[in-house]
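Just so it is clear, none of the values below were taken in a lab; they were calculated from the coordinates. Here the structure is a predicted model, which is why all the values come from computation and not from measurement. Because the Cβ atoms are built from the backbone with ideal geometry, glycine has one as well, and the counts that use them run over all protein chains shown.
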Amino acid sequence: MSASSRRVVLTGIGVINPLGLNATAYWEGIARGQSVIKTLQAFDPAGMPSRIAGEIPTFDAKNFIDKKDRKSLRMMARAIQMAVSGAQLALDDAGVKKDQLDPTRFGVEFGAGLLPTELEELGHASLASSNGEPGDVDLKKWGAASLPCIPPLWMLKYLPNMLASHVSILHNAQGPNNTITESDVAGLLALGEAQRIIARNQADFFLVGGADSKINPLSFVRQCLFGNLSTRNDAPEKACRPFDRLRDGSVQGEGVAVLVLEELEHARRRGARIYAELVGFASTFDRNRSGRGLARVMRIALARAGITPDQVDHVGAHGLSSVRADPWEAQAIKEVFGESSRPVPVFAPKSYFGNLAAASGTSELAASILALMHRVVPPTLNYEEPDPACPIPVSRSAQPGTHPHVLKVGFTEMGQCAAVVCRRWDE
Amino acid sequence: MRKRVVITGMGAISPLGHSVEELFRSQLEARSGVGPITLFDASEFPTTFASQVKNFDLGGYIPDPQRFDNSGVNTRYALAAAHQALGDAGLLGSSNVDSTRFGVYLGAGEGIQDFANLIPLIRRSYSPEQNKVDTVKFAEGGTRDFHAGREFEQELHTTPGHVANYFGLEGPNYNCLTACAASSQAIGEACEIIRGGEADLMLSGGSHSMIHPLGVTGFNLLTALSASKGDPTKASRPFDLHRDGFVLGEGSGMLVLEDLDHARRRGATIYAELTGYGSTGDAFRVTDSHPEGRGAIACMQAALDDAGLAPPAIGYINAHGTSTQVNDRVETVAIKKVFGTGAYQIPVSSSKSMLGHLIAAAGAVELITCVQAIRRGMLPPTINYEFPDPECDLDYIPNAPRQKRVDHVLSNSFGFGGQNISLIVSRFND
């Protein structure tokens, strides 16, 4: 983070999550303390090893988007529809009026993953060129007969940069526009980059988000093949149990969280309500997942925030409920927080709704910010039997929040790590 | 004063050669990399040609290429180009830099989908009467037919992950995918990471191939590709009146960006300085760029401001120049708006006339071309420029390279969806 006098604050939260369809409902869901992971409903999951998910069956983008803009929804995959809906909620929450924004100083940045094709869109094409045997596609027939059966704008519906593109078009955001594609840390990395851009005076106002949905047959099959999903299909609400000894894998979820980042003076001038200040950020790579990179990312973020571990209210963990990744994460947290004068509680939001992938970073940071506002550290669900391999103080029940900073951490299975420190705005 | 960022290493895998020298020499020879698609049978596609990478062997660069057998060419090209760039910078296996201060920021594309298994699987599970896929059948077949390792390697964070892991780069790790602007945006933001003090060194660039059945299908459906029936080497003709779309290319370009003080301390060879970066959004339509080039104008202007340069200082523009009707017209309008009447004095060329469009990797390979233009005092041409378009009336360096000493060069990249990036590289002066 550059030594800039421009401070970056968070002035809006737009969340669509299995727990609720706006930030208030999201927090109420967390306060309820119950997992919303259920048996998969969007399609028949028979034949898949994991048949549970954190879904949003009632999500309908038409409920969020102006009537005049609804025709563009046809060009948007589900994750894009979630992105534009979350962006609208964030802007509403920020209470910003269009004439308060200079379009050229208004940026958009999203974390996004692979957007899978809707299988039906290739249905007729497949009939015209394949007999169904694995490996059998007649490319001559595909070129001549299949290709013309596919909707002309097919590809545009699935480009990852279309989340940020559509958001910028709907809100006339002509500033920097980027899309980070780093799996589960994409949203946190986007947040760090937007902060850099505001700090170096190339924008005053930013919509930063992540949106993802792997609740479709193609993505779900692929995730099952990767082999890290929980198969606790008979007790879905118990399936995601980060750091618990009986965890058996992660759970897929879907959703979006968009945060409004704003330069402090810009926010003050328009009388914005300020949730928090973004005071520290770091990105590292953990080579061979030794744990050094993950510990380092937390240390750097804390150092940039100018605080010590014992000043942290709670750690927002990545907490996948993964057999292998949880101990790795716990050891890194212990390395950084082990010397702290008090046990700093660790909160793992995925225990409520599963892994939102590219949406996880901003969604889980939003949970931590709301927790700071309410001065509560929420429990990590299903933490029943501590695992000696994860020797950290996981929050077991709601406890009073005592400090103004949260440290949010995220990582990927390849080794990309990110951490963000936010301070509650107490002015 | 902010930190200065210099370029101290480069590498390229391209349709016109597998090294920076070969890439640039081919461009000065006005060669085209375009030919019939041989990667798959495209004979009945609307477009049957592309600019392919030829005779690539990862084993020519690293001793253990079998580690990446499941990876797509996006990762394999990236590893080879990264190996070149790091070697060129004297940083391969180097223990004299702090690896935690050495990051990666790529604009790398997705891996290639398993078309040969996906389509039959849809065929088996699709009911045309109901227009529905039987998801149980699909899941059952998918878990059997798809290869877990190769599926994983399609994920968008695998390329930057492999590059960081293989070469031991433990600093910030990013990947952005903003269509045709991706690797330029990656380089610009990587530069800012160094300027802000978060890293001393960044390996940055891009890698991509969309020359596969679904890639060509997608672009053909959008009618974005040239469907010329004539000589394929003539199909990419930026700024020419008869241009009819772009030609797909593939490859990777990688650059080592370094804090100037750091480069000096280790006695690195400095090829050029990255002085300007501009980034804007069109906020117009996902299918078209803004007709007056609003976003393109703003990003070129922002790059000039960032570099602290007046427009006449620019000696050469490497255009986005895709060879589509709209891009080349709008880019010309935008250049004239930013550079005024001086625009007619600035040579502008499109590397895509020879290389085709490397999509996410395009900007990095084109920026390498700009660095070489400064170093060699030679500007690459726009080939296939035969019929002037009255709406494209700048000096496009038609068909033959030009000798000219240039100190500051501007490179444009405009993404489908409205992301606009301009970068300026400058001759290094102490």
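Here are the numbers for the structure shown:
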quantity: Cα gyration tensor shape of the range A:280-424, rounded if a/c is under 1.5, else prolate or oblate by comparing a/b with b/c; calculated: rounded
quantity: Length gained when the stretch A:Ala389-A:Ala31 is fully extended (0.36 nm per residue, less Cα-Cα span); calculated: 126.0 nm
quantity: B:Lys3-B:Ser127 FRET efficiency (beta carbon distance; Förster radius 51 Å; 0.05 resolution); calculated: 0.25
quantity: Point-charge dipole on Cβ atoms (K/R +1, D/E -1) for the protein assembly as shown, about Cα centre, debye to 20; calculated: 960 debye
quantity: Estimated [θ] at 222 nm from DSSP helical runs (n ≥ 4, -39500 (n - 2.57)) normalised by residues in chain A, nearest 500; calculated: -8500 deg cm²/dmol
quantity: Packing-based exposure ordering (other Cβ within 10 Å, fewest first) of A:Lys157, A:Lys350; calculated: A:Lys157, A:Lys350
quantity: Sparsely packed trypsin sites (Lys or Arg not before Pro) within the range B:331-392, loop by DSSP, other Cβ within 10 Å at most 14; calculated: none
quantity: Size of electric dipole in the range A:143-273: Cβ of Lys, Arg +1 and of Asp, Glu -1, about Cα centre, debye, nearest 20; calculated: 120 debye
quantity: Among B:Cys191, B:Cys370, B:Cys392, residue whose mean-square fluctuation peaks in a GNM of chain B (springs only between Cα atoms under 10 Å); calculated: B:Cys392
quantity: The range A:86-115 residues near the modelled B:Asp305 label - backbone nitrogen below 15 Å, point 7 Å along Cα→Cβ; calculated: A:102-107
quantity: 3J(HN,Hα) from dihedral phi, the range A:338-345, Karplus parametrisation 6.51/-1.76/1.60, rounded to Hz, x for glycine, proline; calculated: x, 8, 4, 6, 9, x, 8, x
quantity: Prolate/oblate/rounded call for chain B, Cα gyration tensor, a/c under 1.5 rounded; calculated: oblate
quantity: Residue with peak Gaussian network fluctuation, chain B [Cα springs, cutoff 10 Å], from B:Glu22, B:Glu129, B:Glu258; calculated: B:Glu129
quantity: Under the Karplus curve 6.51 cos²θ - 1.76 cosθ + 1.60, θ = phi - 60°, whole-Hz ³J(HN,Hα) for the range A:308-325, x wherever Gly or Pro sits; calculated: 9, x, 6, 8, 8, 5, 7, 9, x, 7, 6, x, 6, 6, 8, 4, 8, 6
quantity: Chain A: most fluctuating residue of A:Asp69, A:Asp204, A:Asp102 per GNM, C-alpha cutoff 10 Å; calculated: A:Asp69
quantity: In the range A:284-360, GluC sites (Glu not before Pro) in a DSSP loop with at most 13 other beta-carbon atoms within 10 Å; calculated: A:Glu339
quantity: ³J(HN,Hα) computed for each position of the range A:133-143 - Karplus, 6.51 cos²θ - 1.76 cosθ + 1.60, integer Hz, glycine/proline x; calculated: 6, x, x, 9, 9, 7, 5, 5, 5, 4, x
quantity: Euclidean distance of C-alpha centroids, the range A:220-265 and the range B:361-382, integer Å; calculated: 45 Å
quantity: Nearest-0.05 FRET efficiency for B:Asp430 and A:Arg6, computed from C-beta distance (R0 35 Å); calculated: 0.70
quantity: For chain B, calculated [θ]222 nm from helices alone, where every DSSP H run of n ≥ 4 adds -39500 (n - 2.57); calculated: -9500 deg cm²/dmol
quantity: Prolate/oblate/rounded call for chain A, Cα gyration tensor, a/c under 1.5 rounded; calculated: oblate
quantity: Neighbour-limited loop hits for chymotrypsin sites (Phe, Trp or Tyr not before Pro), the range B:1-66 (at most 14 other Cβ within 10 Å; DSSP other than H, G, I, E, B); calculated: none
quantity: Highest to lowest packing among B:324-330, B:284-290, scored as the average C-beta count within 10 Å; calculated: B:324-330, B:284-290
quantity: Separation of alpha-carbon centers, the range B:247-267 and the range A:344-415, rounded to whole Å; calculated: 38 Å
quantity: Cβ charges +1 (Lys, Arg) and -1 (Asp, Glu), total dipole of the range A:280-424, debye; calculated: 440 debye
quantity: Rounded Å value of the spacing that divides the Cα centres of the range B:412-430 and the range B:143-208; calculated: 19 Å
quantity: Proximal lysines relative to A:Lys140, as straight alpha-carbon distance under 19 Å, when same-chain residues fewer than 8 apart are discounted; calculated: B:Lys229
